[in-house]
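Below: one structure, written as structure tokens.
The values are calculated or read from the model by the stated rules, or taken from the named source; none is laboratory data. Since the structure is predicted, the reported quantities are computational estimates derived from the model, not experimental observations. Every residue, glycine as well, gets a Cβ built from its backbone with ideal geometry; the counts of neighbours run over all protein chains shown. Quick note on the areas: whole protein, heavy atoms, side chains included, nothing else; ligands and nucleic acids left out. Shrake-Rupley method; radii C 1.70, N 1.55, O 1.52, S 1.80 Å.
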Protein chains: 2
Amino acid sequence: MDSTVARQLRAFLAGPYADTRELVLGSLEPYASVLEDAERLPIDEFRDRVRDVVVEMAGSGLTALGFPKEYGGAGNIGASIAAFETLAVGDLSVLVKTGVQFGLFGGAILQLGTARHHEAYLADTVAGNVMGCFAMTEHGHGSNVAALGTVATYDRETREFVITTTTEDAYKDYIGNAARHAELAVVFAQLEIDGERQGVHAFVARIREAGEPVVGVRIADDGRKMGLNGVDNGRLWFDGLRVPREALLNRFADVSEEGVYSSDIESVNRRFFTVLGTLIQGRVSVGGAAVTASKVALSIATRYALQRRQFDTGAGDDGLETPLLDYGQHQRRLLPLIARSYALTAAQEVLVDHLHRSFGGDLQGPEDPEVYRRELESRAAGTKALATWHATRAIQESREACGGAGYLAENRFAALKADTDVFTTFEGDNTVLLQLVAKGLLTDYAGEFSSMDQLELVRFVASQAVDTVVERASVHKLIERVRDLLPGGDGDEPDIRDADYHLAMLSFREEHMLAGVARRLKGGIDRGTPAGIVFSHVQDHVIALGRAHVERLIHEAFVAKVRAQPEGAARDLLDKVADLAALSAIEADRAWWMEHGRLTVQRSKAITAEINTLCRELRPHARDLVDAFGIPDAFLRAPDLV
Amino acid sequence: MDSTVARQLRAFLAGPYADTRELVLGSLEPYASVLEDAERLPIDEFRDRVRDVVVEMAGSGLTALGFPKEYGGAGNIGASIAAFETLAVGDLSVLVKTGVQFGLFGGAILQLGTARHHEAYLADTVAGNVMGCFAMTEHGHGSNVAALGTVATYDRETREFVITTTTEDAYKDYIGNAARHAELAVVFAQLEIDGERQGVHAFVARIREAGEPVVGVRIADDGRKMGLNGVDNGRLWFDGLRVPREALLNRFADVSEEGVYSSDIESVNRRFFTVLGTLIQGRVSVGGAAVTASKVALSIATRYALQRRQFDTGAGDDGLETPLLDYGQHQRRLLPLIARSYALTAAQEVLVDHLHRSFGGDLQGPEDPEVYRRELESRAAGTKALATWHATRAIQESREACGGAGYLAENRFAALKADTDVFTTFEGDNTVLLQLVAKGLLTDYAGEFSSMDQLELVRFVASQAVDTVVERASVHKLIERVRDLLPGGDGDEPDIRDADYHLAMLSFREEHMLAGVARRLKGGIDRGTPAGIVFSHVQDHVIALGRAHVERLIHEAFVAKVRAQPEGAARDLLDKVADLAALSAIEADRAWWMEHGRLTVQRSKAITAEINTLCRELRPHARDLVDAFGIPDAFLRAPDLV
């Protein structure tokens, strides 16, 4: 039923893992009714239903493609992320439960453990025979994992670790799978030997036996949540839980029988962030799933806007009212969001490719693998932040664009909105993640950058020359290449639809913000202001820098992918979509470019007008654009809307 | 426990109906547990619980203050709105059910009916002895009420109206109270006599008897919704439902026994919009409730940000981490939203005052009462739009500012977010409402303005000189008074914290947009473009005009109210809050002023810097600022957050 163009667009969006995506859609389709179960079933029944679906899906092998073949996986990290992204077409409790079991729990065993852990747990985890949870977050320290209050003390006598929740608010909280299903947990705790702390380490521990908590573990239910009620989030307290010495996930550090600690990574901080770095797949997964969720919402709203007619009674040529999408305001509401979903898809594809190469050992060429990994962490953090905020906005806008009908639970918006809401905070709060991105830029991904706290960052930047900070940044090289394209440069005013012009604008903003932030941090310290206050005053600028960087990466990825397409109708359409995405991003912050002499008043107004023109040009292709998202009708779940 | 300043601020916000608000808080407090019932109870039990609470509250007399004393009310419309606004502190299903019963159903009987209806229904309605619903919206025609497909035909033989759902999608939908509790309905239908249509009229009809639908009525349940699940929304089909001739709510039109139609209002359209105009209280109520909801969310998030410490380990003077609210970004996140809640409170107070005077017959002075009423409709529409969008944003931002904890149902955000979501579309879609505002400005509240469809509007404007449109607008007079304050005018650059400067900026934008929209509409028609296309192309500009107008009204109201305060600490604080609210509004659209020569690059940057400074100055008063919202702890429902 899809048009040729829609099929081409769909292939464009599906990218290198198109086959995997089709397989996942096929195996997900029998479970479309889970969307109804979410409302129909009492919470514990729904949780069990979701668990059953996850376990059944595990049988298909599609939920664990990233694991080594010997444990039932396919050894393909890229495909595993593509599969996860596609799962977001269906019920999002199933998605998140899958993420907890195979991504967080299984991923931690794989990445932080060694052969003994792999042998003991991976095959059963991949097959869904054993359920696990990932016990990192504590109630008292949401985003500050280094300050955890769970402690694992080595008992030389028994050669065990004794895990204890040491302060009132140090219980593990919001842990998916913990309230009801998990038998095992990867527990993050401060490792302590003879009173000496070695930093946060991970242990695998049994927390439940025959459905009951084991001795030394107390479990409470987080209860109902705004959404994702098929995931049993819970709280864990440890009261001297004893685990054998071998329970330490010892890829990066170990403790001998005699209690001697050893690690190839000297700094406590660096060790910890190496551990965290291996968990990057969670962020990549959430960002990708958010983009899928935005596509579901936009598919519904667009199809509704094409069939719903309103208002100017009898005005159309056919004597009917006008379809909603013929209204300029309605085009403005949906089409730029559709374009952004395209752009984010391309950005996500680049990210997944980097991840695949980095973790798949397929890293070639001159790059320093450590720097490559750090840039990857930064890209993952930033893409996750912007993708999840995009999902929140696209779902909200789509809901409002469907009026009161969008509010009924029988249509998917209610669940989509409630389920995705937490994406902006889990796997890292978006604001914190953008700070991480900015830190990378400000330190040129120095070895220790991700482990620096804000005060260390301020002092580090203050110790450098601003020019050094800027010149080392990758955007600086880009800027030199494209400077002529910028208004205020030497060239003529470029074509408003020139993608190089868009990228030059985005790059200029990034470089200028980088210099500005560095100057302000340095200036503050030079004037003797305490580092904490300096940071607080510059923080909005720091976050804006992180955002500017990620915006540039997103559009760069999209433009490159479009340019790689063959000429033809689909390519022409994609050029327009890319123009719309980039010009919308520029319009949203056009004041900034005016303030910095890179956008004239006339040009600024021209951009707004051009966006309206692009919306009108894309209007006839709206159905193709959303059909290309490839959301099966069964998952649109909007009986009266589409 | 509140400080003196907090008490003064609280009195400022409570305004003239402070006593009413206290009474409502007192009578609401015993029902705080409804917040838990919302999750705890199965849907039908929860609906019944909410019904019981509404009926019990009716006993206090506080839910029907706007009704005449002889029917159990207090004859005080202003107090009735204040009471409703305060109810939004509690569970929002209780609020909306109250709104349906007393505002929509009771209000329609009062405003559209005459003595016979008042005698028959009002006392029982006010006491909660009989439950009613308001059956206007149809599935097929959400916002286009004039095109309803329910028809009431007069049967001269039996002297009855026969009400029928004539097309497949003309069933009444989303009707609160219909699925389970309502015995009566005010039904909106096309009145037809001898095949001649007289436009939409309202009828009161029994739809349920002893719990079962009466003959001629079919009822279905809309089922679960994203939120507000204590309200039983439903669908109604009429299959020749017979009601006596006296069922016509005949304040504005009547049908004699012989079937002769009569009305003092000649135009069908005008008659219909007179009917709609009496229902304005619903919009005023929803807008006010949205502001209250934003205050609940901001109270939780602010108190959390004051106690939650994070991140830069050991950096504070006291060896503790830094409270969240000491971070510049966190201040930026919450304080401008708090300031906007203050501004909207002031704007709502002006609106309620106008409503009170208009409907309470207390209208004095030279104003043309009809124009006054139309301006009131416009103000109500615009304030509702901006207040409900503010609530959506403030609740979302507050939720994210509380991280994962904000996602648990045991904290109030989940319910607040889900329950308020529909506020942006019910009682009129916000986008449509802002168009209504712009229509009023473009036509200078011409008698027929609200009934004009978009094409008529375009043609009307095109028939005028642009100068005429602008010069008649009230903003034009304002502009003449303040022109000197605008940069680019003759005076010096005004103080960045000068409220007159802020208002001049907001007024200039409004007037300029008015002229721009008029010129573009006229230009399009002059060039021979079809009116529908002209409108579609200019629609985003039309909506921006509506928004600019309402922004000006909001800040005008806030500044006036602050200026009426005595000197002192509270006043000093309010001055800063007003500066923050206005500068934030200007910053959000600063590109526009730059594009139109009224903001230099330097000044634009200075505004951003000044907002950060104001945030820091207000930071020590954050607790007072939210304590002044007066949300009792029982309703914050955020056990681990505050």
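Details
- To put it simply, the accessible area of segment B:440-557 at a 1.4 Å probe is 47 percent carbon and sulfur.
- Drop in accessible area of at least 50 Å² in the complex versus isolated chain, residues of segment B:218-237, 1.4 Å probe: B:ARG224, B:MET226
- Across the identical copies, the 7 Å label point of B:SER3, projected outward along Cα→Cβ, sits 6.3 nm from its counterparts, in ascending order.
- Percent antiparallel among DSSP beta bridges (both partners in chain A, rounded to 5): 85 percent
- Relative contact order of segment B:187-238, taken over Cα pairs closer than 8 Å and 6 or more residues apart, is 24 percent.
- Förster-model FRET efficiency, 35 Å R0, B:ALA115 and B:ASP368, C-beta, rounded to 0.05: 0.80
- Ranked from shortest, the separations from the 7 Å Cα-to-Cβ label point of A:ARG242 to its equivalents in the other copies are 8.6 nm.
- Legend: residues in segment B:404-440 shielded by at least 50 square angstrom of accessible surface upon adding the remaining protein chains to the isolated chain (1.4 Å probe, heavy atoms) are B:TYR407, B:LEU408, B:LYS417, B:ASP421, B:THR425.
- Surface accessible to a 1.4 Å probe, A:HIS541 within the full protein complex, Å²: 40 Å²
- Burial of accessible area (probe 1.4 Å, heavy atoms of protein chains only) in segment A:589-603, relative to its chain alone, reaches at least 30 Å² for A:ARG590, A:ALA591, A:MET594, A:GLU595, A:VAL601.
- Nearest-10 value in Å² for the accessible area of B:ILE631, using the 1.4 Å probe: 20 Å²
- Beta bridges per DSSP, both residues in the protein assembly as shown: antiparallel share near 85 percent.
- Summed over qualifying helices (DSSP H, 4 residues or more, each -39500 (n - 2.57)) and divided by its residue number, chain B shows a 222 nm mean residue ellipticity of -17000 deg cm²/dmol.
- Angle in degrees between helix B:280-307 and the longest Cα principal axis of chain B, rounded to the nearest 10: 30 degrees
- Distant-in-sequence amide H partners of B:GLY199 (H built 1.01 Å from N, under 5 Å): B:LEU191
- B:THR529/A:ASN129 FRET efficiency (R0 60 Å; Cβ-Cβ; nearest 0.05): 0.35
- Carbon and sulfur %, accessible surface of segment B:92-245 computed with the full protein complex present, 1.4 Å: 46 percent
- Helix A:43-59 and the long axis of chain A differ in direction by around 90°, with both axes built from C-alpha atoms.
- Rounded accessible area of A:ASP589 (nearest 10 Å², 1.4 Å probe): 40 Å²
- Cα-centred dipole magnitude for segment A:339-450, charges only on beta-carbon of K, R (+1) and D, E (-1), debye, nearest 20: 380 debye
- Residue closest to axis [chain A; rotation mapping onto B; Cβ; Å]: A:ALA591, 2
- Cα centroid separation, segment B:211-228 to segment A:505-519 (Å): 58 Å
- Nearest-ten-degree value, helix B:601-618 long axis tilted from longest Cα axis of chain B: 90 degrees
- Summary value for segment A:504-642: 20 percent relative contact order, contacts being C-alpha pairs under 8 angstrom separated by 6+ residues.
- Distances between copies at B:ALA588, taken between label points 7 Å from Cα along the C-beta direction, are 1.6 nm in increasing order.
- Rounded to whole Hz, the Karplus (6.51, -1.76, 1.60) HN-Hα couplings of segment A:253-270, x for glycine and proline: 6, 9, 10, 6, 3, 7, x, 8, 8, 9, 7, 6, 9, 6, 6, 4, 4, 4
- Chain B against chain A buries an accessible area of about 6400 Å², both chains summed, 1.4 Å probe radius.
- Accessible area expressed per residue, the protein assembly as shown, with surrounding protein chains retained (probe 1.4 Å, Å²): 34 Å²
- Rel. contact order, % - alpha carbon contacts under 8 angstrom, at least six apart, segment B:462-562: 29 percent
- Residues whose amide H comes within less than 5 Å of that of B:ALA182, counting only those at least five positions distant or on another chain, are absent (H built at 1.01 Å from N in the peptide plane).
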